[in-house]
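Novice: Here it is, the structure, as C-alpha cells.
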Amino acid sequence: MSIKGKLVTLRAIEREDLPFLHKWTNDQEMNEMLGGWHFPSSMNDQQKWFETLHLNSLHQRYSIDVPGIGLIGTANLVDINWKDKNASHGVSIGDKTARGKGYAADTIMAIMRFAFEELGLNRLETTIIAYNAPSLALYTNKCGWTIEGTQKKWYYRKNQYWDRHVMGITREEYFDLVNKNNYWNG
Ligand SMILES: CC(C)(COP(=O)(O)OP(=O)(O)OC[C@H]1O[C@@H](n2cnc3c(N)ncnc32)[C@H](O)[C@@H]1OP(=O)(O)O)[C@@H](O)C(=O)NCCC(=O)NCCS
C-alpha cells in the first residue's frame, strides 16, 4: 500500500532512493533546519541504515513521490506508542525545486489522515528549532498544529543555544481542521 495525499504519494523507501537521501543527508542547509544532528554520511552509511529499516515497525519512514516528478523528499511516523496512541512525525523536501508548491503541507495532511483515520492514533507531535520559520508556519498556519511548549536553549548551533518548540495536534484538532477546510473533499 501507499499513503495518498491530494498531491503526493508516501511509499516505502527503495534502494534506488539512496543516492538522493545521501545527498540530502549531507546538505548543510537541511541539517541546520532539522532537529537531529549528523556527522558526514557515506553511501555505505546509507546502505547500512537502509538494511535496518524493516526491523522496527514502530519507526515508519517514507519516500515522498509526486506523480510525473518522482522522489522529492521524505517523511516519517516514528516512536509509535500503541499504549498511549501517539507518535512523532517529521517531513523534509530535499529537492529544493519542489519547495513552495504545497507538497509538505499535503504530506502532513496525508500523514495525519493515516495516523488518525487508519491507525487510530490520538495525537501527533514534532519538535522544531526556533529559527525554522518555514516549518513553524507550515505546521501552524496550514496544518492545524499548535506550539504546546518551548524548551529553552535546547539546541546548540552556530555557536549559540536556540529554543526548541514542541508542536502537536490531537485527533479532535485534526477533525476540526478538515471539517473547516474541507481538505479531503475540496
Ligand atoms: C519546511 C519545508 C518542509 C516546507 O516544504 P514546502 O513543500 O516548501 O512547503 P509547502 O509548499 O507545503 O508550504 C506550506 C506552507 O508552509 C509555510 N512555508 C513553507 N515554506 C516557507 C518559507 N520559505 N517561508 C515561510 N513560510 C513557508 C507557508 O505557510 C506555506 O503556505 P503558503 O504557501 O500558503 O504560504 C521545506 O522547506 C523543508 O524541507 N525544509 C528543510 C527541512 C525542514 O525544515 N523540515 C521540517 C523540520 S521540523
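Novice: Student exercise: in the chain, how many lysine pairs 8 or more apart or on different chains have Cα atoms under 23 Å apart?
Specialist: Taking the Cα cut-off of 23 Å, the pair count is 18.
Novice: Same structure, new question: Over 19 Å, how big is the tail of the calculated P(r) for the chain, in percent of all Cα pairs?
Specialist: Beyond 19 Å sits 60 percent of the P(r) for the chain.
Novice: Ranked by Cβ crowding within 10 angstrom, fewest neighbours first, how are Val166, Val91, Val178 ordered?
Specialist: So the residues, fewest neighbours to most, are Val166, Val178, Val91.
Novice: What ³J(HN,Hα) values, in whole Hz, does the Karplus curve 6.51 cos²θ - 1.76 cosθ + 1.60 give for segment 161-171 when θ = phi - 60°, with x put for Gly and Pro?
Specialist: 8, 10, 6, 10, 8, 9, 10, x, 8, 9, 5
Novice: Just want the ordering: Met33, Met1, Met167, from fewest to most Cβ atoms lying within 10 Å of their own Cβ.
Specialist: Fewest-to-most Cβ neighbours within 10 Å comes out as Met1, Met33, Met167.
Novice: Order of Thr107, Thr150, Thr25 from fewest to most other C-beta atoms within 10 Å?
Specialist: The order, fewest Cβ neighbours first, is Thr150, Thr25, Thr107.
Taken together, the values in this text are just the output of simple stated rules run on the coordinates, not laboratory data. Source: prediction; values computed, not measured. Cβ sites come from the backbone with ideal geometry, for glycine too, and all protein chains shown count toward neighbours.
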